[in-house]
1. Once label points are set 7 Å from the Cα along Cα→Cβ at both D130 and H224, what is their separation, rounded to one decimal in nm?
2. Which loop-located trypsin sites (Lys or Arg not before Pro) does segment 110-153 contain, where loop means any DSSP state but H, G, I, E or B and the Cβ has at most 10 other Cβ atoms within 10 Å?
3. Please go through segment 137-213 and write out the GluC sites (Glu not before Pro) that DSSP classes as loop and that have at most 15 other C-beta atoms within 10 Å.
4. Taking N as the number of residues in segment 4-159, what is its alpha-carbon radius of gyration divided by 2.2 N^0.38 Å?
5. Quick one: if the Förster radius is 22 Å, what FRET efficiency do R53 and T96 give, using the C-beta to C-beta distance and rounding to 0.05?
6. I want to check the label-to-label distance for R3 and N216. Put each point 7 Å from Cα in the C-beta direction and report it in nm to one decimal.
7. Give me the distance in nm between label points sitting 7 Å out from Cα along the Cα-to-Cβ direction at S206 and K109, one decimal.
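Where a number appears in this text, it was derived from the coordinates with a stated rule and is not lab data. Since this is a predicted model, take the numbers as computed values, not measurements. Cβ: placed from backbone, ideal geometry, glycine included. Neighbour counts: every protein chain shown.
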Amino acid sequence: MVRIRVLVVDDHRIFAESLAAALAAEPDVEVSAAGSGPAALRSLERAAAEGRRFDVLLVDADLGGNVQGIRPAVSVPDGGEEGLVDGISLVAGVRTGQPAVRIVVLAEKDDPRRAALALQAGASGWVAKDCSLSRLLTVIRGVLRDETHLPPALLTGVLRELTAARKHRTESERLVESLTPREREVLRCMVAGLGRKAVAERLFLSPHTVRTHMQNVLGKLGVHSTLAAVALARRAGVGPVDLAGDVVERGGQLA
């Protein structure tokens with residue numbers, strides 16, 4: 001019998017343990033539970049290292065708090081146990097680091113906007129926490145067949161949100177395209193969370209020049225803060241600079 005390995009991620013201990021126990025009663029389901037985003041990430045890393053990857057994550061939509069961003073690889077954010085990873089960020093990080101894992105978000109109430117965000121982050125399903133066990137099992141087995149599961153009442157709202165998000169993305173892409181190659185590199189450094197001094201060292205520029213580039217980026221994007229610029233960049237599909245590699249070579253054509 002092929003067993004489905006499920007990881008329940010919920011900081012409500014009683015709910016997580018009850019759900020895990022109910023699922024474990026199924027002969028083809030093997031369940032573990034994690035009480036926080038960082039704990040879930042550690043469980044995923046440990047399972048992958050042991051060759052026992054999880055098949056499905058059940059993630060609380062209201063999990064924990066938020067962090068500025070989680071690393072593309074599945075790893076515990078800086079700060080260890082103190083770090084908080086919210087449900088949507090956890091979905092995005094897991095899907096980037098372990099794309100074979102299917103993720104279902106468990107929610108206490110229907111929310112078209114958050115459901116759309118979850119789907120955009122890579123979730124395969126959004127179900128109510130109070131749904132029946134048989135319904136949840138249907139969703140779990142369905143997402144493993146690459147199905148997407150949403151409550152029928154949410155479909156119209158989610159489609160509306162996704163259409164609006166696409167419109168915003170198109171506008172964001174147009175604004176990003178107005179940047180020079182150097183300004184795009186600076187923007188990618190901003191997305192990675194680098195400050196002005198770190199950007200200057202990385203691009204072999206003076207802090208004053210970096211400051212000018214950052215001001216130009218904000219102006220062209222029509223925003224007034226680094227956080228707003230990073231949010232717009234992410235909508236446009238701009239990822240962070242690779243901190244493990246070199247952005248440019250000294251004397252390169254982007255200098």
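1. Each label point lies 7 Å from its Cα, and together they span 4.3 nm.
2. Filter output for segment 110-153: R145.
3. Taking segment 137-213 and a limit of 15 other Cβ atoms within 10 Å, the loop GluC sites (Glu not before Pro) found are E147.
4. In units of the 2.2 N^0.38 Å rule of thumb, it is 0.95.
5. It comes to 0.90.
6. That separation, rounded to one decimal, is 5.9 nm.
7. A separation of 5.5 nm, rounded to one decimal place.
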